[in-house]
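Engineer: This is the structure I have questions about; it appears just below.
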Amino acid sequence: MHRITADIPGPAPYPLIGNLLQMLLPMDRVYHLVDSLCSQFGYLIKTWYGPILAIMVLDPEDLQVVLTSPTLASKPDVFYDGVKRVLGMGLITLNGSDYKRHRKAITTSMHLDILQDFVATFGTNCRELEARLDPLAATGEVFDVAHHLGLNASLTVCQTVLAAEAPGLDAERDEYVEIVHDASKMMLYRGLRPWFRWEALFKLLSPEYGRFQRVVAGMTNFANRVLTQKMQKLQHIAAAPPTKRRQTFLDKFLSSSEANVLTRGELLDELKTLLFGGVGTSMDFQTLFMLSMALNQGVQRKVQQELDDVFGSDRGRDILATDLPHMKYLECALKETLRFFPPVPVFGRIVLQDVPLPSGKVLPEGCYVGILPLWTHRHPKYFPDPERFDPERFTPENSRDRHPFAFIPFSAGPRNCIGQRYALMFAKTVAASVLRRYDVLPDPDGPRRLVDVPLVGGISLSVKGGVKVRLRRRGLHGLEHAEEPPVYGL
Ligand code: HEM
């Protein structure tokens, strides 16, 4: 391995422990480490994770090979060990033939036709969100928007992916949002400390053992409770005459020919995976979008103008699936948020056979590959002036000639995210509902520019101290603003 990778730059390793000491940083320093590695060594960086070679592949040309190669479709055990303990064996963690069986079974029930139906649920839940945001807009106080968007995301994902209603789960939902937040940090914490693969050592040495156990129990209990409730309901429905009801992913899955492909245990792990995949990422994506709007008032105005064109003066009407294609600039702003703050900032693969890269360098068999969209998305060759927040990058004309693997918030290739269309439709509905009604303003004591926002390491991206904003109710007609807010960014 040393010989084959001699031409790949990286920090000098110590004997046996490699670069592990450098990686043992507090979670809010992990991003600074990669920043500095990237500016020192470029877009292909060799690191030693103890005895394991881990190569960060950040250039789109190389990523195209990595993400499409059949010999690179498996997830590395050591890094995903923490994820497995929390989520079990679902799509995010499985490999090989089990993975293929699960993916085929699940994707048949996640089609666009069912997604169109979900928009009504997204919209209905936004009413509940508005009811919680209205008092905050009335006082103009600073608050953490992640909390409210997290509650909305957990309700929505429960309803659309799992059960038509989630009665009795309200109290648990609050707790679940907290657990999702913690789970992301705990999974990365354990993934970066390979010696904690040994449970006894983790229990003995880690101050985070209790917190990790609470995350595992919380995730399992919540998914178990939803599945049990759903199974009971389905038996009840089977006994009653059929009625026209809105189908959820789980309804569709359980009544399809694929239902017998997974055991109850396997389905439970998939539900934990879908819940975590759906709630955590949606919450972070929508939260970071609100922050991007607060710090880029010019962009926010353009989004609001477009929304005014779609809704006219009727800003309270239901948002329909047919409205979404008209929100083209909003879609560009959402994509620019995903570029700037990809909610899943790191994922990995293991190399099963030597893979030559377009640069002439080789990824040797047995090494791990780290994929970090945050840095790929800030590569100046593909995104000039990368620290500028500019939705125009994503107009069809400006995207046409961009490398297809330069923008990978949902990964790409055969192991891409199965929820990407869901995530975009959901975020569009929430963004439209909030921005047609309120101006989102920055926290006067918070960062002034997006590049100064303090990020915290986790397998999803979050902001240290939460995302604080203020809201102001918009005038009923046109873009009336009592007091012009300060304009940052654009
Ligand atoms: C903005 C929101 C989202 C982002 C940025 C995102 C991003 C990603 C990324 C980068 C991966 C690849 C991870 C890896 O290779 O380890 C992934 C996989 C996955 N995502 Fe998402 N995701 C989002 C929303 C969702 C939603 C809403 C769902 C489900 C309702 C979902 C379910 C999944 C699943 C099941 C996988 C595993 C796919 C496989 O390996 O076959 N995601 N996601």
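The values are calculated or read from the model by the stated rules, or taken from the named source; none is laboratory data. Model, not experiment: these values are computed from the prediction. Positions of Cβ are backbone-derived with ideal geometry, glycine not excepted, and every protein chain shown enters the neighbour counts. In case anyone asks, the SASA skips ligands and DNA or RNA and just uses the protein heavy atoms, side chains included. Shrake-Rupley method; radii C 1.70, N 1.55, O 1.52, S 1.80 Å.
Engineer: I'd like the full set of residues that are without any contact (Cβ under 8 Å) to a residue 60 or more places away in the chain and either basic (Lys, Arg) or surrounded by 19 or more Cβ atoms within 10 Å (Cβ to Cβ) (or both), limited to segment 128-149.
Structural biologist: Passing the criteria: Arg132, His148.
Engineer: Let me ask something else. Is one or more of the residues making up segment 162-181 surrounded by 19 or more Cβ atoms within 10 Å (Cβ to Cβ), at pLDDT 90 or above and farther than 20 Å from Gln229 by Cα?
Structural biologist: Within segment 162-181 (the criterion being surrounded by 19 or more Cβ atoms within 10 Å (Cβ to Cβ), at pLDDT 90 or above and farther than 20 Å from Gln229 by Cα), the answer is no, since none of the residues qualifies.
Engineer: Okay, moving on. Would you confirm whether or not segment 21-37 contains a residue that is modelled with pLDDT under 80, part of a helix (DSSP H, G or I) and farther than 19 Å from Val344 by Cα?
Structural biologist: Scanning segment 21-37, I find at least one residue that is modelled with pLDDT under 80, part of a helix (DSSP H, G or I) and farther than 19 Å from Val344 by Cα, so the answer is yes.
Engineer: Considering segment 71-87 alone, what residues qualify as being open to solvent by less than 10 Å² (accessible area, probe 1.4 Å), closer than 19 Å to Val215 by Cα and not β-branched (Val, Ile, Thr)?
Structural biologist: Gly82, Leu87
Engineer: Is there a residue in segment 4-12 that is in contact with a Leu (Cβ under 6 Å, 6 or more places away or on another chain) and either farther than 23 Å from Ser359 by Cβ or of a type in the set (Asp, Glu) (or both)?
Structural biologist: The answer is no, given that none of the residues of segment 4-12 is in contact with a Leu (Cβ under 6 Å, 6 or more places away or on another chain) and either farther than 23 Å from Ser359 by Cβ or of a type in the set (Asp, Glu) (or both).
Engineer: Report, ordered by the first and then the second residue, all pairs with beta carbons closer than 8 Å, sequence separation of six or more or different chains, a first member in segment 18-46 that is open to solvent by less than 20 Å² (accessible area, probe 1.4 Å), and a second member that is among the aromatic types (Phe, Trp, Tyr).
Structural biologist: Cβ pairs passing all conditions: Gly18/Trp48; Gly18/Tyr49; Asn19/Trp48; Asn19/Tyr49; Leu20/Trp48; Leu20/Tyr49; Val34/Trp375; Cys38/Trp375.
Engineer: While we're looking at this one, here's another question. From the set of residues in segment 239-256 that are within 16 Å of the ligand (Cβ to nearest atom) and open to solvent by less than 40 Å² (accessible area, probe 1.4 Å), which is modelled with the lowest pLDDT?
Structural biologist: Thr248
Engineer: Further, regarding this structure: Tally time: how many residues in segment 392-440 are in contact with a Gly (Cβ under 9 Å, 6 or more places away or on another chain), aromatic (Phe, Trp, Tyr) and crowded, with 20+ Cβ neighbours inside 10 Å?
Structural biologist: Count: 3.
Engineer: Can I ask one more? Among the residues of segment 340-369, which ones are buried (at least 17 other Cβ atoms within 10 Å of the Cβ) and either within 11 Å of the ligand (Cβ to nearest atom) or hydroxyl-bearing (Ser, Thr, Tyr) (or both)?
Structural biologist: Selection gives Phe341, Pro342, Pro343, Val344, Pro345, Val346, Phe347, Gly348, Arg349, Tyr368, Val369.
Engineer: I need a count of the residues in segment 433-465 that are away from the ligand (no atom under 16 Å from the Cβ) and of a type in the set (A, V, I, L, M).
Structural biologist: 8
Engineer: Under 7 Å by Cβ, and 6 or more places apart or on different chains, what pairs join a residue from segment 260-280 that is touching a residue at least 24 places away in the same chain (Cβ under 8 Å) and near the ligand (Cβ under 8 Å from one of its atoms) with one that is in a loop (DSSP other than H, G, I, E, B) and open to solvent by less than 30 Å² (accessible area, probe 1.4 Å)?
Structural biologist: Glu270/Gly90; Glu270/Leu91; Glu270/Leu262; Thr273/Gly90; Thr273/Leu91; Gly277/Gly419; Gly278/Gly419
Engineer: Is it the case that segment 408-428 has a residue that's over 30 Å from Gly191 (Cβ atoms) and within 16 Å of the ligand (Cβ to nearest atom)?
Structural biologist: Yes: segment 408-428 contains one or more residues that are over 30 Å from Gly191 (Cβ atoms) and within 16 Å of the ligand (Cβ to nearest atom).
Engineer: Within segment 96-103, identify whether any single residue is of a type outside the set (A, V, I, L, M), within 12 Å of the ligand (Cβ to nearest atom), open to solvent by 20 Å² or more (accessible area, probe 1.4 Å) and touching a helix residue (DSSP H, G or I) at 6+ places or on another chain (Cβ under 7 Å), and answer yes or no.
Structural biologist: yes
Engineer: If the requirement is being at pLDDT 95 or above, within 12 Å of the ligand (Cβ to nearest atom) and over 14 Å from the mean Cα position of the chain (by Cα), which of these qualifies: Thr376, Thr395?
Structural biologist: Thr376
Engineer: To continue, here is another question. Output the residues belonging to segment 303-315 that are open to solvent by 40 Å² or more (accessible area, probe 1.4 Å) and either closer than 24 Å to Asp117 by Cβ or touching a residue at least 60 places away in the same chain (Cβ under 8 Å) (or both).
Structural biologist: The answer is Gln305, Ser313, Asp314.
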